[in-house]
Amino acid sequence: MSDYEELCWMPAVELSRRIRSREITPLDVADAVLRRMSEINPSLNAFVYHDPDQVMADAKILTDQLAGGQPISPLHGIPYSLKEVCAVTGTPVTSGIVAFKDAVADHDEPVAARLKAAGGLFLGKTNPAEGGYKANSSNHLYGTTHNAWRHGMTAGGSSSGAGAAVAAGIGQLAQGTDGGGSVRIPAALNGVVGFKPALGRIPQTRLAGRFHTFAYHGPLARTVADAALMLNVMAGFDPADPLSLPSDRVDYVAALDRGVEGARVAWSADLGYATVDPEIREICLEAVSAFTALGCVVEEADPGWSDPEQIMWEGVWTPVYSAMLDATDWDAQTGQVDAQLVAVMRAGARLTARDIQRADAARGRMVDDMTAFMRGFDFLVTPVTTQPTFPADEFCPRSLADAALPHQLMGWLLTYPFNMTTNPAISVPAGFTADGMPVGLQIVGRLRADAEVLRAAAAYERVRPWSHLRPDLLVPKG
């Protein structure tokens, strides 16, 4: 491996140590990552906005600070990316929608400001799935992000570029957003780590409504420790988000050292209602054996939900998107917007206030069921998706192609229930299909038990390491 490739693949915690010890500089890191981006991104299409000159200028400032003996910030010189929808002054915030192609942010939202203030090296913005409503990796404005392990396969969504970039070695850290699994799904399909924290752990101001209780920022990284390092910076109260939590004064990296021996782990391949591909089931079942090896008590169990799909559809998904109906003349955008996105908006507009409130009450019962269930367990472990990775030009897995729209969107996911219950949840690599595509394992914790979920994921990683596995097809040759 060349020296520049070594810097691209080096974990953020190790990169930070070497920068602090003056073995390498942020300029060295910037040069390496920009070189890899120039080689890989044209075919991967993970980044949709970046300014190489600005990256190098920022790296020089960080290098000068290092040489001048100034205090070193937590992420000093560590490359990170932001999802295109995240507001950074002067950068696009279109959500990949052609009708919004001229939208530019006029401020830095809290999560972006914190990463910059922590000394991170901002690489640019990553490609979202169109409108963030779906879990595949295409949009009409920027085109398709390809899976890091195989061109032509979906990278998942909606933080599509974030997952693909990290998996391809273009930056150690990536920010994503997760309204139904949009951090965990691309992490799973690209073989990296994606963490959806507890509600309010990271302040969220992207959505105009300040009381949405399903949307989250979260880190994507190649190791659990790197995700924890990023969370250390992203977490904490901000007055712009009335639901944000005060700091719990936890160093999430230090918290990884404790083991999970004696923990009670519930394993469910299908949460009691989903149809799961046999290969996904077998891969994840085998991965769960790691918890037995770690000294945990593993039991097959689930919270007892019937099918939360309609609750998510009527209580969260379509009501939120219906607010976009007045934003433009969508009929005039035919061919330049997903017909399914317009259908989601219109489905929400047809709901009555009573429909939405009934769904919200059903969501409350889901929370009650989950809280009662988790009194008997420390963690709940499931697959992330019920189906393997599928071609990037398809809307959903082929097994769902003839289903109704709600099922096409959600029928292959085991992520969105925990957006409704607000439990922290992480995706970690479980293994690979016979076809060579990554599969993700989801670890869910009790309410606000972020440190415990990260600790369980780190313990799992110690006995089933994955960061040495890299997508060979994207390693430059010659």
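The values are calculated or read from the model by the stated rules, or taken from the named source; none is laboratory data. Note that the coordinates shown come from a computational prediction; the quantities given were computed from them, not determined experimentally. Positions of Cβ are generated from backbone atoms using ideal geometry, with glycine treated the same way; all protein chains shown enter the neighbour counts. Just so you know, the surface numbers come from the protein's heavy atoms only, side chains and all, with ligands and any DNA or RNA stripped out. Shrake-Rupley method; radii C 1.70, N 1.55, O 1.52, S 1.80 Å.
Worth pointing out:
- Exposed loop sites, defined as GluC sites (Glu not before Pro) outside DSSP H, G, I, E and B with at most 15 other Cβ atoms within 10 Å, are absent from the longest region of the chain, namely 24-260.
- Region 134-220: trypsin sites (Lys or Arg not before Pro) in DSSP coil with no more than 16 other Cβ atoms inside 10 Å: Arg210
- Protein heavy-atom accessible surface, 1.4 Å probe, per residue over region 279-429: 42 Å².
- Shape of region 304-456, Cα gyration tensor, a/c cut at 1.5: oblate
- Cα gyration tensor category, rounded, prolate or oblate, for region 120-228 with a/c compared to 1.5: oblate
- Rounded to whole Å, the principal axis extents of the Cα atoms in region 33-110 read 48, 31, 19, largest first.
- The fraction of accessible area contributed by carbon and sulfur in the chain is 51 percent, rounded to a whole number (1.4 Å probe; ligands and nucleic acids excluded).
- Anisotropy class assigned to the chain is rounded, per the alpha carbon gyration tensor with a/c under the 1.5 cut-off.
- For the chain, lysine pairs with C-alpha atoms less than 25 angstrom apart, excluding pairs fewer than eight positions apart on the same chain, total 15.
- Full extension of the segment from Asp360 to Asp307, taken as 0.36 nm per residue of separation minus the current Cα-Cα distance, would add 17.6 nm.
- Counting only DSSP H runs of at least 4 residues, each contributing -39500 (n - 2.57), and dividing by the residue count of the chain, the helix-based mean residue ellipticity at 222 nm comes to -10500 deg cm²/dmol.
- Loop-located trypsin sites (Lys or Arg not before Pro) in region 319-413, at most 14 other Cβ atoms within 10 Å (DSSP): Arg375
- Sites Ala327 and Thr292, calculated FRET efficiency, Cβ-Cβ separation with R0 60 Å, nearest 0.05: 0.75
- In this structure, Arg350 and Asp393 have a Cβ-Cβ separation that, at R0 = 51 Å, corresponds to a calculated FRET efficiency of about 0.95.
- Nearest-10 value in Å² for the accessible area of His50, using the 1.4 Å probe: 70 Å²
- Taken over region 23-163, the alpha-carbon convex hull comes to 110 cubic angstrom per residue.
- Along each principal axis, Cα extent of region 274-368, largest first, Å: 57, 33, 21
- Less than 5 angstrom separates the built amide H of Met153 from those of Asn147, Ala392, all sequence-distant by 5 or more or on a different chain.
- Computed over region 198-280, the ratio Rg/Rh where both radii use C-alpha atoms and Rh is Kirkwood: 1.06
- Share of pairwise Cα separations in region 162-306, more than 28 Å, in percent: 28 percent
- Solvent-accessible area per residue for region 108-152 (1.4 angstrom probe, square angstrom): 25 Å²
- Binning the C-alpha pair distances of region 377-435 at 10 Å intervals from 0 yields a P(r) profile of 18, 46, 31, 5 %, listed from the shortest bin outward.
- Based on the Kirkwood approach, the hydrodynamic radius assigned to region 98-139 is 12.7 Å, with every pair of different Cα atoms included.
- Equivalent ellipsoid dimensions for region 394-478 as semi-axes, Å, which come from the Cα gyration tensor, largest first: 25, 25, 9
- The spacing between region 59-123 and region 135-202, judged by their C-alpha centroids, is 18 Å.
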